[in-house]
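Student: Pasting a structure below so you can have a look.
Throughout, read-outs are computed from the coordinates displayed, never taken from laboratory work. Values in this document were obtained by computation on a predicted structure and should not be read as measured data. Every residue, glycine as well, gets a Cβ built from its backbone with ideal geometry; the counts of neighbours run over all protein chains shown.
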Amino acid sequence: MRHLIDPTDLSSSELQEIIDLALDIIANRQKYADVCRGCKLATLFYEPSTRTRLSFTSAMMELGGNVIGFSDAMNSSVSKGETVADTTKVINCFADIIAMRHSVEGAPLVSALNSRTPVINAGDGSHAHPTQTLTDLLTIRRELGRLDNLTVGFCGDLKFGRTVHSLIKALARFKGIKIVLIAPEQLRLPSYMREEVCDKYGMDCREVSTIEEAIADLDVLYMTRVQKERFLDEDEYDRVKDCFVLTADKLRDAKPEMRILHPLPRVNEIALDVDADPRAAYFRQVENGKFVRMALMLKLLEWADMAEKDRGLIPEGTIRGKYRCSNRRCISNTENVESLFRPTADGKGCRCLYCESKPG
Ligand code: CP
């Protein structure tokens, strides 16, 4: 069985296969119109969504399949206390593939560990959002014609922005990637991303304090919303919410071929006067999300029965039952699941397998 919980669950060649399949779907829509007839997707969304849920729904419908699920967990038996593991075992009786979004980090991994069908992480807390990453990569490929030798600026909430974490992890595997981080002190990239991704892969990474300092060098500017729902203190949110606003005049020195991406929704970090600029790719990016999710579901369903495609969810060397996670939004602190930690790349510490935090 194969799942997509983290972008690194896909090898570079599998990532490429999915993007190539998405491109073929775009070019030959009719060819794929019926390939999932009789197949059911379950969308289990414990947290709000517009794009991800509806693009999964639209993707399965375009493939000829059906969709069941919930968009508000409080209307499901979750409100009576049903766990992620039990919910998954129940949904396994009804659907062939699951897409799960959850505010609790690590919930999709717990689902996958208990599932007889492929599970796709549709966003877990501040942790990861691998299908947004596939969307972003397909968009960059379609807009710029390549996925290597790129300078990518990440601007806004790099601490809580799960799309940023997943995209940086995926880009680390391509050649000639440089990243520029533009964030207020309070919203800087988490330490595990710096240590376990940027440093580990030797990514060229620099931090600047304004968009203007970086704009002329960028091939892609990845704007993000400050994630209000992750803040514990509203005053803290108010202090940083308007920290970076992209306006048309700030694009003066940008390359003509640079592209502006945003996972959306936007609040006010991109002024409306940017929308008319041909470099603004964020609404085209949304449609790419549907095509790449069609490709992903086709691949996971194809790989489900292939023994050679099996890949364990718990890596060798995992430390079981010894530590407690320091992250109170980790599923190991909200449900009764086994404590799992993996040793860090430098061998000096360990990180929670569900959310990548350190032991508490
Ligand atoms: N990009 C994204 O995840 O959007 P939604 O929250 O609307 O799904």
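Student: For every helix of n ≥ 4 consecutive DSSP H residues, a contribution of -39,500 (n - 2.57) applies; sum these over the chain, divide by its total residues, and give [θ] at 222 nm rounded to the nearest 500 deg cm²/dmol. Don't skip to the answer; put the middle values down first.
Tutor: On the way: 9 runs with 101 residues, N = 360.
It comes out at -8500 deg cm²/dmol, rounded to the nearest 500.
Student: Springs between alpha-carbon pairs under 10 angstrom, Gaussian network model over the chain: which of 109, 251, 189 fluctuates most?
Tutor: So, out of 109, 251, 189, the one fluctuating most is 251.
Student: So what is the relative contact order of the chain, in percent, for Cα pairs below 8 Å that sit 6 or more residues apart?
Tutor: Once normalised by length, the contact order is 19 percent.
Student: To check you understand DSSP bridge types, tell me what percent of the beta bridges within the stretch 95-184 (both residues inside) are antiparallel, rounded to 5. Can you show the working numbers first?
Tutor: Values: 1 of 10 bridges.
Among the beta bridges of the stretch 95-184, antiparallel pairing accounts for roughly 10 percent.
Student: Something else about it: Looking at the chain, what % of its DSSP beta bridges pair antiparallel, to the nearest 5?
Tutor: 15
Student: Taking the Cα centroid of the stretch 126-174 and of the stretch 252-298, what is the distance between the two, rounded to the nearest whole Å?
Tutor: 12
Student: Using label points projected 7 Å from each Cα along Cα→Cβ, tell me how many nm separate residue 29 and residue 314, to one decimal.
Tutor: Reported label-point gap for residue 29 and residue 314 is 4.6 nm.
Student: If you add up the charges near residue 8, with Lys and Arg at +1 and Asp and Glu at -1, over every other residue whose beta carbon is less than 9 angstrom from its beta carbon, what do you get?
Tutor: 0
Student: Per residue of the stretch 194-209, in order, report the coupling 6.51 cos²θ - 1.76 cosθ + 1.60 (Karplus, θ = phi - 60°) as ³J(HN,Hα) in whole Hz, putting x for Gly and Pro.
Tutor: Taking θ as phi minus 60°, the curve returns 5, 6, 8, 10, 4, 5, 4, 8, x, 5, 6, 9, 10, 10, 10, 9 Hz for the stretch 194-209.
Student: Another one. So, in nm, how far is label residue 232 from label residue 213 when the simple model puts each one 7 Å beyond its Cα toward the Cβ?
Tutor: According to this spin-label approximation, the distance is 2.9 nm.
Student: Arrange the peptides 342-354, 20-32, 158-170, 302-314 so that the one whose residues have, on average, the most other Cβ atoms within 10 Å appears first.
Tutor: Descending mean neighbour count gives 158-170, 342-354, 20-32, 302-314.
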